[in-house]
Amino acid sequence: MTRAVSLLAVLAAASFTEIAFAAPQGMDVLTVTKDGDSQQYSVTLQILLLMTALSFLPAALLMLTSFTRIIIVLAILRQALGLQQTPPNRVLIGMALSLTLLIMMPVFESIYAAAVTPYLNEELSLLETMKIASEPIKGFMLSNTRESDLVQFLGIANMTPPDKPEDISFSILIPAFVTSELKTAFQIGFIIYLPFLVIDLVVASVLMAMGMIMLSPQMISLPFKLMLFVLVDGWALTMGTLASSFF
């Protein structure tokens, strides 16, 4: 988990700070005066940038990883089952986080080996580290982004398509990736919703034919939906489908 947090910090810095700056520059942040002598303490821009990048970790998790697709599908699944707060939101988020780490682990390991480790060994500068770290995450995002979405956002930005997809900036790739993730999540959610919708329709038709209009169809269909979901090992199928949709 610690490695994943550090990798997300690097990804956040690489995504939101595509700027160049001089390494030796610093910024005075504190002045201590004692017996007439003053001492100034400064922080380098690299450290300031990394500390700022920590605040972008939630945004990086949502916009640069598989988390968005997974949490939306799980939320639609809970709605299809007719359950309001079961599983609770914290459980769904925990499931989405664990599956996200599993899916993104090859990308994280590639970034850690190619960028983070050389940087910790002082073999690369921070700017070089961010550039190298952005390549695996760009590859993951491009492989899960529809070309039509990329063309749309390139048109919105009045930019011509680059010669290579890897040259697309994060300002274009991130909204295109999120839009593609939303489309895919809704498609998977629609497929998951259909069998439970059929059960609701059958139960409602039977109750109406029996004249039991005042009885809520959801009260009767809920046990059948739960039984069907358990019999087909629904959680394993859902998680497996989500994982396979990224490869």
Expressed in angstrom and rounded, the centroid-to-centroid distance over alpha carbons for the range 208-247 and the range 70-100 is 14 Å
Taking R0 as 45 Å and r as the Cβ-Cβ distance between residue 247 and residue 122, the FRET efficiency 1/(1 + (r/R0)^6), rounded to the nearest 0.05, comes to 0.80
In this structure, the FRET efficiency calculated for residue 202 and residue 232 from their beta-carbon separation, with R0 = 22 Å, to the nearest 0.05, is 0.80
Simple spin-label estimate for residue 209/residue 186, 7 Å along Cα→Cβ, in nm, reads 3.5 nm
Counting only DSSP loop positions in the range 67-167, the GluC sites (Glu not before Pro) whose Cβ has at most 10 other Cβ atoms within 10 Å are 122, 123
So residue 157 and residue 75, fully extended at 0.36 nm per residue minus their Cα-Cα distance, gain in nm 26.3 nm
Counting only protein heavy atoms with a 1.4 Å probe and every protein chain in place, the carbon and sulfur fraction of the accessible surface of the range 113-224 in whole percent equals 68 percent
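The values are calculated or read from the model by the stated rules, or taken from the named source; none is laboratory data. In this text the structure is predicted, and so the values were computed from the model without any measurement. Please note: Cβ atoms are built from the backbone with ideal geometry, for glycine as well, and neighbour counts cover all protein chains shown. Ligands, DNA and RNA are stripped out before the accessible areas are found, and what is left, the full protein with its side chains, is counted by its heavy atoms. Shrake-Rupley method; radii C 1.70, N 1.55, O 1.52, S 1.80 Å.
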